[in-house]
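Read-outs: derived from the displayed coordinates by stated rules, not from any lab. Remember, it's a predicted structure, so these values are computed and weren't measured experimentally. Because the Cβ atoms are built from the backbone with ideal geometry, glycine has one as well, and the counts that use them run over all protein chains shown.
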Amino acid sequence: MDKVLELKKVSVNFGGLAALREVDLDVRRGEILSIIGPNGAGKTTLFNLLTGIYRPTSGTITYKNTVINKLKPYRRVELGLARTFQNTRLLKNMTVLENVLVVHAECNKEGIFAAVFNSRAHLRRKREAIVQECVEKLAMVGLEHKLDVLAGSLPYGEQRLLEIARALATGCEVLLLDEPAAGMNAVEKAELVKKIKRLSKQFSIDMILIEHDMGMVMEISDRIVVLNYGMKIAEGSPRQIQNDPNVINAYLGGEAEEL
Ligand SMILES: Nc1ncnc2c1ncn2[C@@H]1O[C@H](COP(=O)(O)OP(=O)(O)OP(=O)(O)O)[C@@H](O)[C@H]1O
Ligand SMILES: [Mg+2]
């Protein structure tokens with residue numbers, strides 16, 4: 001299977017604290033990969049590393065056959081890596097559509113947002129095309145009927161979907177989702193699982209998911225990587241991970257029999 005992203009012996013140190021220790025990891029074309037592990041295991045650090053917020057202390061990160069260790073965050077977004085955050089970062093006083101427009105790749109490049117006030121026909125046409133594209137991204141997560149609603153007044157589950165639509169609007173090929181189901185109720189979670197699977201299979205977006213909800217992880221993942229104290233302690237299919245004694249130990253101190 002094609003590797004989209006590859007980490008080789010990657011470590012991240014914060015002073016004396018090793019947040020990631022010699023992690024080997026690959027992300028394969030077309031898969032939903034979940035990263036799990038107890039609090040403080042290094043999951044968010046891994047995302048910050050992939051998006052360029054942190055640089056590895058040692059090791060290499062390869063994306064589309066290029067080492068990207070030193071690439072700036074915005075360059076990574078241009079190359080197709082996008083993320084959502086553990087806590088949503090929506091512009092709460094702007095509408096759903098505006099939230100997507102402001103992050104659209106072309107929109108930023110050409111100042112098209114300002115072109116609302118510009119009467120020149122070609123700019124207007126271009127803006128209409130971008131709006132259309134943003135509506136399509138919103139449709140991919142099922143929010144196309146809420147274009148004019150203020151982001152802050154959406155139910156929480158839909159705010160998280162809007163975050164995903166914003167990541168899609170950057171033109172991403174690999175999407176990093178940090179606890180997308182946090183704060184959702186059971187119905188919203190079930191919907192989210194369907195939508196993430198659809199994004200993966202129908203729109204060919206590669207997914208890396210951090211999630212604490214084990215039911216969701218087991219249902220959605222093609223493959224799971226387990227971190228503990230910054231180390232990769234297991235990797236495999238949901239079934240393999242559920243039965244892995246190292247994983248059971250890490251989560252439950254070895255007392256329980258199943259995850
Ligand atoms: N910028 C930083 N400076 C210093 N230490 C940090 C920094 N970011 C993370 N850490 C530490 O690195 C370790 C890993 O943190 P990280 O946020 O990656 O864990 P996590 O697996 O995402 O946990 P959670 O499930 O609670 O979100 C923790 O001990 C954390 O305190
Ligand atoms: Mg985290």
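Rounded, prolate or oblate: which one fits the stretch 120-209, using the alpha carbon gyration tensor with axes a ≥ b ≥ c (rounded when a/c is under 1.5, else prolate when a/b beats b/c, else oblate)?
In terms of gyration-tensor shape, oblate.
With charges set only on the Cβ (+1 for Lys and Arg, -1 for Asp and Glu), what does the dipole of the chain come to about its Cα centre, in debye to the nearest 20?
1120 debye
Determine which lysines satisfy two conditions relative to K64: a Cα distance under 29 Å, and not lying fewer than 8 residues away in the same chain.
The reachable lysines, counting only those whose Cα sits under 29 Å from K64, are K3, K8, K9, K43, K72, K109, K137, K194, K195, K197, K201, K232.
Using the Kirkwood radius over Cα pairs, work out the Stokes-Einstein diffusion coefficient for the chain at 25 °C and 0.890 mPa s, in µm²/s as a whole number.
127 µm²/s
So how far, in whole Å, is the C-alpha centre of the stretch 184-207 from the one of the stretch 60-105?
Taking the Cα centre of the stretch 60-105 as reference, the centre of the stretch 184-207 is 19 Å away.
Which whole DSSP H helices in the chain pass both tests: a Cα extent of 27 Å or more along the axis and a mean Kyte-Doolittle value no lower than -1.0?
121-140
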